[in-house]
Amino acid sequence: MLDIHSHILFGIDDGAKSLNDSIELIKQAQTEGVTKIIATPHKDPKYQPSKETILSKVKELNNKIKELNLNIKVLPGQEVRLYQNLIDDLLSNQLMTLNNENKYILIEFPSTHVPQYSSQILYELQLKGIRPIIVHPERNDDIIKNPKILEDFVKNGALAQITAGSIIGKFGRKSKKTSHLLLKHNLISFIASDAHNLKTRTFNLKHAKSKLYKKFGKDFTEELFNNASLILTNDYIHCDYDSLK
């Protein structure tokens, strides 16, 4: 299993604080069935890690994993908070796509709202050959109030990823309800952990998968988890959504 969204890199954002923390998260990921994990530290007003720093820490973490004979591989990426100069920074090689070499990038909205310029930035990304993946829309206040906001983005080519913890209620009743609604209408293409630590923000992938099996069936669930592998091969991911009423 590939987990496309995590904060396992140590000392770089609000995720793992030390190399030891990163290793403990890696061990927990293994128990969840993860064999590859993309480290996606925040790129937002508070955290500004450079590509060079991310690549260096990914290399250091993979060396430690190899030393400990753990069966997992860490790949580089970023979770980019949407901002007006995003395209300029992408073109100047300051931002990182998933695995630093493909056509997909994680895009985060502020938790309280969806910026007015979002549609334009998401459109321009696609013009540049980069497909945006909107992360945890079920935790965004505007989308919780009006899920059709996400439908419009998906209709225009964006994809979306739900946090495993939301499915099982770790982020509250509203996020859980919204996640199930978005899943019901096929507006979600990925499930990921968004793991930050070993206590309050863990992986929850097995638990979420079990819930999805019961509610939506095996085929639907397996497709959600298997879509992640298509990112690494730069395959096109089709989203055959059902319109919200």
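The values are calculated or read from the model by the stated rules, or taken from the named source; none is laboratory data. Computed from a predicted model, the values in this text were never measured in an experiment. Don't worry about glycine lacking a Cβ; one is built from the backbone with ideal geometry, like all the others, and counts go over all protein chains shown. Note: areas computed on protein heavy atoms with side chains; ligands, DNA, RNA excluded. Shrake-Rupley method; radii C 1.70, N 1.55, O 1.52, S 1.80 Å.
Worth a mention:
- Electrostatic dipole magnitude of the chain [Cβ: Lys, Arg +1; Asp, Glu -1; Cα centre; debye, to 20]: 860
- As a calculated quantity, the FRET efficiency between residue 128 and residue 47 at R0 = 41 Å, using C-beta atoms, amounts to about 0.95.
- Gyration tensor (alpha-carbon) shape descriptor, the chain, a/c threshold 1.5: oblate
- The aspartates and glutamates whose alpha-carbon is closer than 14 Å to the alpha-carbon of residue 209, local same-chain residues fewer than 8 away aside, are 3, 32, 219, 222, 223.
- Taking only protein heavy atoms and a 1.4 Å probe, the accessible area of the stretch 1-136 is 46% carbon and sulfur.
- Model label points for residue 71 and residue 215, set 7 angstrom from Cα along the Cα-to-Cβ axis, are 3.1 nm apart.
- Distant-in-sequence amide H partners of residue 105 (H built 1.01 Å from N, under 5 Å): 98, 131, 133
- Cross-link partners of residue 184 among aspartates and glutamates (Cα-Cα below 12 Å; sequence separation of 8 or more within a chain): 240, 242
- For the stretch 133-216, fraction of C-alpha pairs farther apart than 19 Å, in %: 31
- Restraint check, 148/215; 17/46; 145/218, Cα-Cα greater than 26 Å: 145/218
- Contact order for the stretch 150-208, expressed relative to its length and based on alpha carbon pairs under 8 Å spaced 6+ residues apart, stands at 38 percent.
- Phi to ³J(HN,Hα) by Karplus 6.51 cos²θ - 1.76 cosθ + 1.60 over the stretch 168-178, Hz, x for Gly, Pro: 9, x, 5, 10, x, 5, 5, 5, 5, 4, 5
- Accessible area per residue was computed with a 1.4 Å probe on protein heavy atoms; residue 203 scores about 0 Å².
- Convex hull projection area averaged over all views, the stretch 38-156, Cα basis, nm²: 8.0
- Remark: the stretch 188-198, residue by residue, has Karplus-estimated 3J(HN,Hα) of 10, 10, 9, 10, 9, 7, 6, 5, 10, 7, 8 Hz, where x stands for each Gly or Pro and the curve is 6.51 cos²θ - 1.76 cosθ + 1.60 at θ = phi - 60°.
- Prolate/oblate/rounded call for the stretch 101-245, Cα gyration tensor, a/c under 1.5 rounded: rounded
- Taking each of 27/128; 128/170; 27/170 in turn, the alpha-carbon distance tops 30 angstrom for 27/128; 128/170.
- Annotation: per residue accessible area for the stretch 95-149 equals 41 Å², rounded to a whole number [probe 1.4 Å, protein chains only].
- Accessible area per residue, Å², the stretch 49-88 with all protein chains present, probe 1.4 Å: 53
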